[in-house]
Amino acid sequence: MDNETIKKELVDKSNNILAKYSEPDIVDSVSVMNMAAKTVFLGSLKVFNTEVVPNVIRDLEKDLKSYGKLVVRDQRVTPCCSPSYIHISFNITISN
């Protein structure tokens with residue numbers, strides 16, 4: 001599977017998960033880092049309802065682990081002028 005196809009699938013799956021939990025954020029893109037031995041896909045989601053964060057993480061892990069080595073992280077973000085949210089990031093490493 002080529003990088004563009006994977007990238008599109010990751011964006012679609014991320015947006016489906018956000019929609020499933022009625023989250024207003026939309027994932028526009030996933031970053032790709034090409035290296036000699038591996039390719040890394042980096043994505044992030046904003047989740048405003050803290051109660052659904054464990055479910056979102058679980059769904060990400062379930063839906064994305066088949067691509068390669070998956071790492072999911074979350075962190076609370078409290079901006080000065082907008083509602084706080086949980087930033088959930090993922091990276092998927094695929095050996096070339």
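All of the numbers you see were taken from the coordinates with simple rules; none came from a lab. Being a predicted model, the structure only gives us computed values, none of them experimental. Every residue, glycine as well, gets a Cβ built from its backbone with ideal geometry; the counts of neighbours run over all protein chains shown.
Quick check on my filter: what residues within segment 63-96 are of a type outside the set (D, E, K, R) and either touching a His at 6+ places or on another chain (Cβ under 6 Å) or farther than 20 Å from L18 by Cα (or both)?
Pass one, segment 63-96, residues of a type outside the set (D, E, K, R): 64, 66-68, 70-72, 75, 77-96.
Scanning segment 63-96 gives G68, Q75, V77, P79, C80, C81, T93, I94, S95, N96.
Hey, can you tell me all the residues within segment 1-31 that are assigned to a loop (DSSP other than H, G, I, E, B) and of a type in the set (D, E, K, R)?
Going through segment 1-31, the residues assigned to a loop (DSSP other than H, G, I, E, B) turn out to be 1-2, 21-30.
Hits for segment 1-31 are D2, E23, D25, D28.
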